[in-house]
2 protein chains.
Amino acid sequence: MTGLDLKPMLKPRSVAIIGASRDPDKVGHVILQNYINAGYSGKIYVVNNKADEIMGIKAYRNIRDIKAGIDLAVIAIPAEFVPDALEDCGKAGVKTTIVVSGGFAEIGKNDLQERLVQVARKYNMPTLGPNCLGVMDPRSRIDTLFLPTYKLSRPSVGGVSFVSQSGAVGSTILDLISSEGFGLSKFISYGNAAHIDEIDVLDYLMHDDETKVVIMYIEGIRRGREFLEAAKRISRVKPVIVLKGGKTAVGMAAARSHTAALAGDAQAYEAVFRQAGFIIADDISELLYYAKIMESEVPPAGNRVAIITNGGGAGVLATDAVGMSGKLKLAELSKKTIGSLAKIMPSLVNVRNPLDVAGDADEKRYGSALSLLMQDGGVDMFLVIALFQTPGADSKLAARLVDLKQKMEKPLVVVSIGAEYTKMHRIIMESGGVPVYDSPVDAVKSLAALYSYYTLRKARSKSNV
Amino acid sequence: MTGLDLKPMLKPRSVAIIGASRDPDKVGHVILQNYINAGYSGKIYVVNNKADEIMGIKAYRNIRDIKAGIDLAVIAIPAEFVPDALEDCGKAGVKTTIVVSGGFAEIGKNDLQERLVQVARKYNMPTLGPNCLGVMDPRSRIDTLFLPTYKLSRPSVGGVSFVSQSGAVGSTILDLISSEGFGLSKFISYGNAAHIDEIDVLDYLMHDDETKVVIMYIEGIRRGREFLEAAKRISRVKPVIVLKGGKTAVGMAAARSHTAALAGDAQAYEAVFRQAGFIIADDISELLYYAKIMESEVPPAGNRVAIITNGGGAGVLATDAVGMSGKLKLAELSKKTIGSLAKIMPSLVNVRNPLDVAGDADEKRYGSALSLLMQDGGVDMFLVIALFQTPGADSKLAARLVDLKQKMEKPLVVVSIGAEYTKMHRIIMESGGVPVYDSPVDAVKSLAALYSYYTLRKARSKSNV
């Protein structure tokens, strides 16, 4: 491990909240409340320089009064008081700190931020922020977010870690993850990256066994060369998906006034991400699509896709998307597969790829078609379109697809488009480990990302680059 | 009106269902049930050659036995019997028919389809299909879809008409529209386009006052020159958004076996759509995004966008999207606007465009900022990012945005990203006529489509092309 050790921050046995407040409108109140709500089982200490007790918990005037080992101090007080509070943390032997307060370099107060960094370095005390949302780890029930749970649904436990420079983008994506079919390992919002930066975070997550996939929102990086090295290291063992804010001249100017990031030249960034083997997302939605497939899918053996659909037009759109992907192609079914399919499909079904099993297809017809196609060595991955508006599609179909997926050693994604009835079936499939998309284009893009990532990783592991 | 008259099909005073059945698994049963459920107030007749009564309604053995004026006959019987049933309709003086049955040109039975066309022509009886879902008109409560309402939520009444060659794409999009912030005028699924084709439909919708916007899913057109003329005619008076299936060689082959469409050369189609002034969508989601903005927004005076956000990163992403759109640009705020904003915004707020009103912004801060920006002549449209995870954003903010939007003569779209709490607020805003998007990229694409459509339309009306 080359970077700063973040374990005491993400798996703390004790947490002190500096600036905890009994005023429900204050950040320090919401953070304390969220710790209590999340069921954090470690020791919680409360620091407030004006109170003796907050929400039933004894309050200390200064963290140095606590006289106990503290793994993490969360600091939520006005910027001007932060360096002194941090100094107190250092003197008290606190292992790590998170400064959620804003009012530093992002509004031009570089001196104040520099004082913060000096204290963090002096005590060798990994410090996250300032101007950040902090961290969340659903396993250790750490949650320093100062956003109430009724506004921001918390994700379930899973294998995706999310690293965000921006607090707002971070919180909206966390909220979206809560309704997606995958769970969260860690959330780390690092804001101005004054002390702990993206390199430390990547190095930590690379070695974190709970993290299978990393998604990142990033506005700028400072240590370019070291970043590329860290990025290459992690890409060799787990997929990293990145969304860059500040890709245009106007966007870069906006990023500068947001996280004080030097957003730099967009093409240079893209080159770095590509060299690193990162998967590049162009929108928030793409971050999530790619995370979903990367978390649940095995590496494909090749790029040949078989499409099964109960809606002709959706099959045409998916086929177009394969044709336009530039990476995938339609699998050519073997003569044996075609012969066997012809025997079991109704006469109206035209046996080809895409295979339109017709609007009245039920779980039996899907099941027998997929079982045959699974054995065709010319098929590397499956795109199954299951439109639940049709007469034959119901929860038995959803369950059958989960069942087949679990028996399969090839990637399989499902496309199901629609409102309430469809959403219910998406939940059945996603909780069974099947990634479900609501557009053929997004599903194909995700399969292409899966194929590209593993192809590159394999090539690199051979050439040892 | 040059094409076939579709009014008796969409506003029928009487409907006969040929092939109505008491077997709940039969298409004819579901169609009849849906008519009853939808509350259709005209006269319903039932034709079944084996029954005297179906679901409490007297059944006729043959449509010719009815001896009453019939505006629309819906035919749901096996393909081989369709031409004779159509002949009976002609003899009975039926005004229009819909053939939902499949088993014609799409599986190579061109002769059977040709017979159908001959009968339709002989009686000058506009006939939709075969191999189609039929039509829906929530105003006249016409609903020939043979998909149960619990599986496919029906949209509310509105100004968007949707024309689909494919039944499955049609039904999934209808289902999606039911949960979007806009309503439906007409749904027309025309399948094999044997008699009524897309040209007849466009000409009808052009003159239909209930239709403000048309969205189309199309796999192929046959009468190219006439199509272009019809497309140009309608584009001059209302926006048409088109999604083409069969854009690649593999997709075209798939389309051929789906709706018997000669999907033709993709670039040729794109050229036709562009010449026609159509808005081109690349995915199902884009069809809906564009429909939403086109239905609710006024033409913009120019392409200068002001962005207001309570989340810095989301503002950066929106700014990037504007920079990459190639069509829009960031508005330069006037000195007067900047001076006035500086007076009323908190000191942490950096007065610029994008305007980050900060994470604690409430409806008052948004309201005062927007009120000032509305008066700036250098701003043509607004992109308001309202992240409801933040402490200051609640239903008062949603209501305030609706209120300001209604006072405004410039386009305004909102971006709100998140799960349940956010969705609740989307509903408040969308039911107040504010288009809401869940990604900055999609919102910017939609504003760009709005600007491009009206710019082209204005240029054409001047040059009289």
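What follows is calculated from the coordinates using simple rules that are stated; it is not laboratory data. Only a predicted model underlies this, so the values are computations on that prediction, with no experimental measurement involved. Every residue, glycine among them, receives a Cβ derived from its backbone with ideal geometry; neighbour counts consider all protein chains shown.
Quick look at the values:
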| quantity | calculated |
| --- | --- |
| Charge dipole (debye, nearest 20) of the protein assembly as shown; +1 at Cβ of Lys and Arg, -1 at Cβ of Asp and Glu | 580 |
| Between helix A:363-374 and chain A: long-axis angle, C-alpha atoms, 0 to 90°, nearest 10 | 90 |
| Convex hull of Cα atoms in chain B, direction-averaged projection (nm²) | 23.0 |
| Alpha-carbon gyration tensor eigenvalues x 5, square-rooted, for the range B:84-142, Å | 20, 17, 8 |
| Peptide A:347-359 - average C-beta neighbours from other chains (10 Å radius) | 3 |
| Note, ³J(HN,Hα) from phi for the range A:410-426, Karplus 6.51, -1.76, 1.60, rounded to Hz, x at Gly and Pro | 10, x, 9, 10, 10, 10, 9, 10, x, 8, 4, 4, 5, 4, 4, 6, 4 |
| Over the range B:152-296, relative contact order from alpha-carbon pairs under 8 Å, at least 6 apart, % | 24 |
| Euclidean distance between Cα centres, the range A:383-455 to the range A:83-129, Å | 46 |
| Over chain A, relative contact order from alpha-carbon pairs under 8 Å, at least 6 apart, % | 11 |
| Burial order of peptide ranges B:31-40, B:381-390, A:9-18 (average beta-carbon count within 10 Å, highest first) | B:381-390, A:9-18, B:31-40 |
| For A:Asp283, B:Asp380, order by how many other beta-carbon atoms lie within 10 Å, fewest first | A:Asp283, B:Asp380 |
| Average Cα contact separation per residue, the range A:149-219, under 8 Å, 6 or more apart, as relative contact order % | 44 |
| Cβ-based exposure ranking for A:Ile215, B:Ile66, in which fewest neighbours within 10 Å come first | B:Ile66, A:Ile215 |
| Relative packing of peptides B:420-426, A:242-248 - highest average C-beta neighbours within 10 Å first | A:242-248, B:420-426 |
| Per-peptide average of other Cβ atoms within 10 Å, ordering B:397-405, A:118-126, B:55-63, B:274-282 highest first | B:397-405, B:274-282, A:118-126, B:55-63 |
| Inter-site label distance for A:Asp25 and A:Lys423 at 7 Å from Cα along Cβ, in nm | 3.4 |
| A:Met55-B:Glu270 pseudo-label distance in nm [points 7 Å out on the Cα-to-Cβ vector] | 5.5 |
| Net charge of Cβ neighbours under 14 Å - reference A:Ile307; Lys, Arg +1; Asp, Glu -1 | -1 |
| Average beta carbon contacts from partner chains per residue of B:171-181, 10 Å cutoff | 5 |
| Inter-chain shielding of A:431-443 (mean C-beta neighbours from other protein chains, 10 Å cut-off) | 2 |
| Principal-axis tilt of helix B:312-325 within chain B, Cα atoms, nearest 10 degrees | 60 |
| Cα gyration tensor shape for the range A:166-231, rounded if a/c is under 1.5, else prolate or oblate | oblate |
| Simple Cβ-charge dipole of the range A:1-127, Lys/Arg +1 and Asp/Glu -1, about Cα centre, in debye nearest 20 | 480 |
| B:Ser340, A:Ser41 arranged by Cβ crowding within 10 Å, fewest neighbours leading | A:Ser41, B:Ser340 |
| The range A:1-127: C-alpha gyration tensor shape, a/c 1.5 cut-off, then a/b vs b/c | oblate |
| Cα centroid separation - the range A:159-188 against the range B:177-210, whole Å | 40 |
| Calculated log₁₀ intensity ratio I(q)/I(0) where the Debye formula runs over C-alpha points of the range B:335-448, q = 0.10 Å⁻¹ | -0.27 |
| Principal-axis tilt of helix B:82-91 within chain B, Cα atoms, nearest 10 degrees | 80 |
